[in-house]
Structure formats: C-alpha cells, structure tokens
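Report on the structure given below.
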Amino acid sequence: MSEARKYLDIMSDVIEREELVAPFWPKEGEIVVLDQTKLPFERRTFQADTAQDMADAIREMRIRGSGAIGCAGAMGAYLAVRSASHRPEKWAELVQPLRAARPTALILLSAINEVLNQAQDGADPVTAAAAAAVGFFKHQLASEKAIGSYGAKLIPNGATVLTHCHSGALAGAGYGGRALSIIRGAVEAGKQINVIAQETRPYLQGARITTWELDRLNIPVTLATDNMVGALMQMGKVDVCVVGSDRLAINGDLVNKIGTYLIALAAREHNIPFYTATTHYNVDPDCVTGKDIPIELRCSKEVLLYQGNPVTIEGIDAIYPAFDITPAALLSGIVTEVGIFRAPYRKKLIKYLHEQRDRQ
Ligand code: RUB
C-alpha cells in the first residue's frame, strides 16, 4: 500500500469511528463525494478523480459550506499533485479551476496553498500532499468540536436557537460544522434546545440539510421560511441566533449566506444575541471591512428555477448575490476554535491570526 493511501485510510477510519457526516470520504484510495444538491431525498455519490472534478463539485454546490469547501480544496490539491507528481510546474495550472470555484471562500485558497506548499517541500510529493489534505480535515474537525464546547456556554438551557442556511457537519468536516457545532455542543452539555431553521432560498440548504442533520441527532427543529424572522422574533419565539461565516474582515464584519444581515438587524431590534462561528481560515487580514470581501454573484437562473422548474414567467430578470455583509456592530460575539471574541474585534483577530499561523 502506498504511503499516501495510508493517510487517506486514516481519514476513512476517523470518519467511520466517529460516525461523522462527512461531505466526502476516501474509499480504497479514491475520493467519494456526497452530492448535497440531492439531499435529503436521495443519497447520490460520485467519485472525484481530479482537481477539476472537485472544482466542478464545489461550483455546482454538490460540496458546499466553507469548512467542507476548504477540505475539498485540500483534497482537490492532493488530486492535482497525484495526477502530475513529477511535474510540479503543472500543479498551479491544475488547481486553477479549484481556486476560482467559490470566490467568497477564503478558506479554499488557504487549503490549496497549504497542500501545494507541503507537496513542494516533501521528499515524496504525493505522500506529503495526502498528509497535508488529511491534516487539514483533522484541523477542521478539531475546530468544530472546540467551537462546540466554547459556543455551548452561550446557549441557555431551554433556548430556541435560530440558524440560517446550513452550517453543519456536511458544511464542514462532519461533526457539526460551525453553527450546528454550537447547537450540538449545547445538547451534549445536557441542555434542552429547540432550533428554528430558516429555509434559505434559493438552494434551500436550511430546509433540506439543516433539518435533516438535526433530525438525525434527535434535536427538535422547526422549519421557517426566510421572511418569517421578524415575526418570529416579535412573537418571542427566538432566544439566540447562530450562523456560520464564509469570511470575516479584520474588523469583524461578517460575510455569510444571503439573508444573514436581515436576521442580525432584526435580532438587534429585539435584543436577541446574534453569534457567528468561524475558524482562523475564514478571517481575512487583507479585508479592512466587509466591503473589501468579494461577494459571489451566482447565475440568475438559480433564482428563476427551482430544481429545474420555473418559479416565474419567462423573461423575468433575477439577481443572486450568494452572501451579504453583516456589520461587526450587529454581532454579539465570534465563536472560534480558541474561544469567544467580543467587540472590539480588530486587535483580537490580528493576534488570533498570528498565533494560529505560528502554530502551523
Ligand atoms: C453556506 C453558507 C453557510 C456558510 C457558513 O453557503 O452560507 O452559512 O458557509 O457556514 P453555501 P460555515 O451553501 O452557498 O456554500 O461557516 O459552516 O461554512
């Protein structure tokens, strides 16, 4: 068995032993991906053989959520190295589609760079790339558990927690992603929690995946459409909000799934705490404020059609910014793999990034 295969097998063992809900997994040295666009009604898988396959899967939302995108970027870079192990000059070209697959996802770029750098430095590039990709996955997994234990303290017993989109296991390394790790952590700490999942037009990640994951964990969940948030807060039905984060500016401005900003505005009006969960891979020192973060504009067809069926008449225009900016002032705190940060964020996030990068 090759040395690279041994690393991949370690990843499979972790996934199996911990009963993780992972977005992809190695099987006999190959990478099997779960197609998230088909959930929850169909469990369709496919094999990713190349970096291009991983890029297509990310672009087409078959793998999605920032932690999962990071892990897929790392594994995609490994596939690039594997396919051109003696031609390092080709690697950059092979990973180019992967880099461009989701422009808001900073973690994707860091993951690819980490794997290629380690492949470059390794005696055997394929083994080094496999070790780096699996190491990235393990870091994400450990981060999710740490976010769970820090974040659990923020959730009162008996609380109803509102979450948006899907920031759970399949959006991460398989434990609970970011936001759902907090919820899972609170439940594992013995708290009774109810969750309101917003459906999240147009891909319905909340309706399709958040509900499915929470149901598997026996955590009570109620589905709401995106336009109900104000009313639910007025009715006193929300105690705390938790969301993931696709990217944070260094001042703490949050870029997350479209609709997040409206939740934060409503939460402020109703004095409801609003938290985001993240890892250092999602904090961008080069973005001074959220306005510096590129917002992915997806194809308008994704709004005009739902699973291939039109939702309006032909000829209507649509717009689809995939993410919005929630100003740091609306956040009650940022939950990370090393603890919880409170405003003001800038100096704390700079120190956090330095410490985490030094550790690598
Ligand atoms: C998923 C999404 C999640 C974020 C944050 O978007 O917006 O809320 O990724 O969660 P998409 P996390 O489905 O477009 O990838 O930080 O867990 O990724």
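What is the extension gain from residue 60 to residue 153, computed as 0.36 nm multiplied by their sequence separation minus the C-alpha to C-alpha distance, in nm to one decimal?
29.9 nm
For the chain, what log10 I(q)/I(0) values come out of the Debye formula at q = 0.13 1/Å, with one point per alpha carbon and no solvent?
Evaluating at q = 0.13 Å⁻¹ gives log10 I(q)/I(0) of -0.98.
Under a plain spin-label model, where a point goes 7 Å from the Cα along Cα-to-Cβ, how far apart in nm are residue 271 and residue 27?
5.3
How much length, in nm to one decimal, is gained on full extension between residue 113 and residue 3, taken as 0.36 nm per residue of separation minus their Cα-Cα distance?
37.5 nm
Principal axes first, then extents: for the Cα atoms of the stretch 1-106, list largest minus smallest coordinate on each axis, whole Å, largest first.
So the three principal-axis extents are 42, 35, 21 Å.
Taking the Cβ-Cβ separation of residue 123 and residue 234 as r and a Förster radius of 45 Å, what is the calculated FRET efficiency to the nearest 0.05?
Efficiency computed from Cβ-Cβ geometry: 0.10.
Taking H placed 1.01 Å from N in the peptide plane, check which residues at least 5 places from residue 162 or on another chain put their amide H under 5 Å from its amide H.
Hits under the 5 Å cutoff: 196, 239, 240, 241, 242.
Give the peptides 3-9, 183-189 in descending order of average Cβ contacts within 10 Å, highest first.
By packing density, highest mean first, the sequence is 183-189, 3-9.
What is the set of long-range amide H partners of residue 247 at a cut-off below 5 Å, with H atoms built 1.01 Å from backbone N?
255
What is the packing order of peptides 38-49, 288-299, taking the mean over residues of other C-beta atoms within 10 Å and listing the highest first?
In descending order of packing, they fall as 288-299, 38-49.
First obtain the Kirkwood hydrodynamic radius of the stretch 202-344 from its Cα pairs, then insert it into the Stokes-Einstein equation at 4 °C and 1.567 mPa s, and state the resulting D in µm² per second as a whole number.
After rounding, the answer is 78 µm²/s.
Scan the chain and note any complete DSSP helix (H) whose C-alpha atoms cover at least 27 Å along its axis and whose Kyte-Doolittle average is -0.5 or more.
Once both thresholds are applied, what remains is 125-151.
So who's got an amide H within less than 5 Å of the one on residue 306, skipping anything under 5 residues away but keeping other chains? H placed 1.01 Å off N, in plane.
311
Rounded, prolate or oblate: pick one for the stretch 82-157, where a ≥ b ≥ c are the square roots of the eigenvalues of its C-alpha gyration tensor, a/c under 1.5 means rounded, and failing that, prolate if a/b is larger than b/c, else oblate.
oblate
If I take all pairs of Cα atoms in the stretch 173-275, what percentage of them are more than 17 Å from each other?
Cα-Cα pairs in the stretch 173-275 separated by more than 17 Å: 54 percent.
At q = 0.16, 0.20, 0.22 Å⁻¹, what log₁₀ I(q)/I(0) does a Debye calculation on the Cα points of the stretch 54-187 give, no solvent, two decimals?
One equal scatterer on each Cα of the stretch 54-187 leads to -0.76, -1.02, -1.16.
Give me the aspartates and glutamates in straight-line cross-link reach of residue 257: C-alpha distance below 13 Å, same-chain residues under 8 apart excluded.
Once the sequence-local aspartates and glutamates are set aside, what remains near residue 257 is 199, 226, 246, 296, 324.
Using label points projected 7 Å from each Cα along Cα→Cβ, tell me how many nm separate residue 16 and residue 314, to one decimal.
Output for this residue pair reads 5.3 nm.
Tabulate in residue order the Karplus-calculated ³J(HN,Hα) for the stretch 335-344, using 6.51 cos²θ - 1.76 cosθ + 1.60 with θ = phi - 60°, rounded to whole Hz; enter x for Gly and Pro.
For the stretch 335-344, the Karplus-derived couplings read 8, 10, 6, 10, x, 10, 9, 10, 4, x Hz, x marking Gly and Pro.
Going by average Cβ neighbours within 10 Å, how do the peptides 307-315, 252-260, 119-127 rank, with the highest at the top?
Peptide ranking by packing, descending: 252-260, 119-127, 307-315.
If you build the convex hull over the alpha carbons only and average its shadow over all orientations, what do you get for the stretch 1-41? Give it in nm² to one decimal.
For the Cα atoms of the stretch 1-41, the hull's average projected area reads 3.2 nm².
When the Karplus curve 6.51 cos²θ - 1.76 cosθ + 1.60 is applied with θ = phi - 60°, which whole-Hz ³J(HN,Hα) does each residue of the stretch 159-170 get, with x for Gly and Pro?
Values per residue, Gly and Pro as x: 6, 9, 10, 9, 10, 10, 6, 9, 10, x, 3, 6 Hz.
The numbers here are math on the coordinates, done by the rules we state, and not lab data. Note that the structure is predicted; figures quoted are calculated from it, not measured. Cβ coordinates were reconstructed from backbone atoms using ideal geometry, including for glycine residues, and neighbour counts include every protein chain displayed.
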